[in-house]
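Note sheet for the following structure.
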Amino acid sequence: MAAPAGGGLAALGAHEAAAAAAALSLPAEAYGNDPTVEMIWAMKAHQHAEVYFNLISSVDPKFLKLTKADDQIYTEFRKDFNHLKIDVLDPEDLKSEPAKEKWRPFCLQFDGVVEDFNYGTLLRLDCSKGYTEENTVFATRIQFFAIEIARNREGCNSVVYNSAKKASSATEEVSSG
């Protein structure tokens with residue numbers, strides 16, 4: 001999921017980056033559906049997704065700590081969503097009206113605990129696969145943390161790490177052979 005050469009946030013000069021940062025700090029009501037802001041958000045979300053996927057590809061996810069509140073997030077998540085299947089998510093478990101009713105109080109309890117808890121981010125539906133248009137859903141940051149912390153602790157993300165490790169070993173064998 002490589003960014004196009006010369007594109008993305010890295011392509012912004014100092015002035016543009018400062019303008020983007022200022023724009024992102026204003027309340028949403030100030031914009032309506034400003035396509036520039038939507039593009040900046042999309043680039044930022046894409047960058048976050050890329051960094052996270054690279055992280056779980058190179059470090060055993062069982063040992064990752066994503067926030068200072070991982071233990072609290074995981075405990076509350078599994079208390080409220082103990083039967084949620086996290087290896088392959090059904091978008092309806094995040095997006096349907098009954099799901100939103102259940103997620104809302106869960107998310108709000110992290111206001112002031114997790115920075116930008118309600119910001120939008122990208123979440124993989126099937127944790128054995130990467131970020132693609134078909135395998136990605138929009139979620140809040142706290143939903144991302146809750147599900148990914150659970151995937152890490154419960155071993156679901158190990159498939160990504162093991163696959164990357166196996167590919168790396170195969171590459172080393174070929175180059176040393």
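The values are calculated or read from the model by the stated rules, or taken from the named source; none is laboratory data. Small disclaimer: the values here were computed from a predicted structure and weren't measured. In this analysis, Cβ positions are derived from the backbone assuming ideal geometry, glycine residues included, and neighbour counts consider all displayed protein chains. Quick note on the areas: whole protein, heavy atoms, side chains included, nothing else; ligands and nucleic acids left out. Shrake-Rupley method; radii C 1.70, N 1.55, O 1.52, S 1.80 Å.
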Selected residue (criterion: farthest from LEU123 (Cα to Cα)) from residues of the stretch 30-57 that are open to solvent by 80 Å² or more (accessible area, probe 1.4 Å) and touching a residue at least 40 places away in the same chain (Cβ under 8 Å): TRP41
If I ask for residues that are buried (at least 16 other Cβ atoms within 10 Å of the Cβ) and under 13 Å from ALA139 (Cβ atoms), which ones from the stretch 85-111 would you list? ILE86, LEU89, ASP93, LEU94, ALA99, TRP103, PHE106, CYS107
Tabulated pairs, the stretch 145-167, first at positive phi, second part of a helix (DSSP H, G or I) and surrounded by fewer than 20 Cβ atoms within 10 Å (Cβ to Cβ), C-beta under 8 angstrom, 6+ apart or interchain: GLY155/LYS62
Any residue that is open to solvent by less than 60 Å² (accessible area, probe 1.4 Å), of a type in the set (Gly, Ala, Ser), assigned to a helix (DSSP H, G or I) and modelled with pLDDT of 80 or more - is there at least one of those in the stretch 3-19? no
Quick check, is ILE149 among the aliphatic types (A, V, I, L, M) and part of a helix (DSSP H, G or I)? yes
